[in-house]
Amino acid sequence: MYKNYDIVIIGGGVQGLSLAYNLAKNNFGSIAVIEKSYIGSGASSRNGEMLRSAFASKEWIQFFDISLLLWEKLSSELDFNVMYTRCGYIVLASTSDEFELCRTNLKTQQSFGIKTELLESKDVRKLIPSINPEMAAGGILQNNGGFARHDAVVWAYVRAARRLNVDIFPYTEVSGIQVESGTVKAVTTSKGKLGTNIVVNSAGGHAGDIAAMVGLSLPSHTYRLEMIVTEPLKPFLSPMLASLNTMSYMHLSTRGEFVGGAEIENLPPAKSLKSTLVATQAMAGKFIRLFPGLGNVRLMRQWGGIVDMAPDIAPILGPVKGVEGFILDCGWVYGFVGAPAAGELLAQYIVTGEMPPEIQPFNIERFEKGELIIDRSLVVPIDAEKDEAPA
């Protein structure tokens, strides 16, 4: 560990690693990534792995479509197989209102060049014969949606960053950020003090704690989301599926395991990674509603991961007024999906000083201005009317 770095990135997940790799690729200078646990220990290795750009708002579509295109070539780019699989992605409607929402979203997606198609009920049942017909009112299909192996992605970014001489320090906790006259000067860690003029907060579910070190209160709260995995099954779900009605998402792994997660009603803020029986029961009930044939299937494992949710569920990206050199890369709920684009676009901003238009709307000032980014295609409830994260 050197005494000084041109930039210190706090958080060793896919967001921080993607940014470090892209900065190094652009010959930015000396780069350190600090992680208080093992690399990828946060949401980066605890997510649903599902990738799409078929959202409902201009901001989400334009940003995440850049990311989806980067995903398709990421294995080649990083010289490591991230197990990207293009299998299609269906956003499922189970009521007439949800179907009309899909119809509206389709027009928006196609106006920005997203290749999606509207599915009638019979189309969904043909693509997924095992689905409960009562839950299949229609939906949207994005054929180039896919998934990737989350731990492989972490390893790929680590190896690529290290080849470009990025210094990565696991099991190194940040205890303070020194700010003088409104400018970042240093970061204090459990292994020493690092002089730097740029600090990036990519701390995931702990982003609020890091922001507080410079006197900043983030408009977000930390929540635990959980996933379950079943025993391997005969293939019954070819595309990935996100259900607007049950607020759940799922796919089959390459080994035939059913992998899924679901929003839990009245979810309290939490930073614990401990999985719960309540979440297991709630998720299982939702999945059986969609696929009655799962009723007798055995669970193999379950896990929890924490995310930092903003009121509009959108990420918080870019600089902070009053604290020069402090940059936000947090507020991620769809952070795995957006990591390739966030790393590339934030690197462009840091290197050139010019903010790419695709990430400009996600600035922290939007909360003060009332310019929240509402996307109605998410499988997470949005409660932007309240000054708190959604339940």
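The values are calculated or read from the model by the stated rules, or taken from the named source; none is laboratory data. Keep in mind that this is a model prediction, so the values were computed, not measured. Here Cβ is always computed from backbone atoms with ideal geometry, including for glycine, and neighbour counts include all displayed protein chains. Side chains included, ligands, DNA and RNA excluded: accessible areas come from the protein's heavy atoms. Shrake-Rupley method; radii C 1.70, N 1.55, O 1.52, S 1.80 Å.
Side notes on the structure shown:
- For the range 38-48, backbone phi angles converted through the Karplus equation (6.51, -1.76, 1.60; θ = phi - 60°) give residue-by-residue couplings of 7, 5, x, 6, x, 5, 4, 10, 9, 10, x Hz, Gly and Pro being listed as x.
- Protein accessible area in the chain, 1.4 Å probe - carbon and sulfur %: 50 percent
- When the helices of the chain are scored as -39500 (n - 2.57) per DSSP H run of n ≥ 4 and the total is divided over every residue, the value at 222 nm lands at -8500 deg cm²/dmol.
- Part-to-part distance (alpha-carbon centres) for the range 147-224 and the range 1-75, which is given in Å: 12 Å
- Excluding same-chain neighbours fewer than eight residues apart, the lysines reachable from Lys126 by a Cα-Cα span under 22 Å are Lys115, Lys234, Lys286.
- Per residue, the accessible area of the range 41-87 comes to 38 Å² when a 1.4 Å probe rolls over the protein heavy atoms.
- Over the range 75-131, equivalent-ellipsoid semi-axes from the Cα gyration tensor in Å: 28, 17, 8
- Tilt relative to the chain, helix 14-25 - C-alpha long axis, 0 to 90 degrees, to 10: 50 degrees
- Under the combined filter of DSSP loop state and at most 15 neighbouring Cβ atoms within 10 Å, the range 296-336 retains these trypsin sites (Lys or Arg not before Pro): Arg298, Lys321.
- Once the Cα atoms are used to define both axes, helix 96-111 deviates from the longest principal axis of the chain by about 50 degrees.
- Here the relative contact order of the chain, from alpha carbon pairs under 8 Å that lie six or more residues apart, stands at 23 percent.
- Cα-based helix-to-principal-axis angle, 335-352 vs the chain, degrees rounded to 10: 30 degrees
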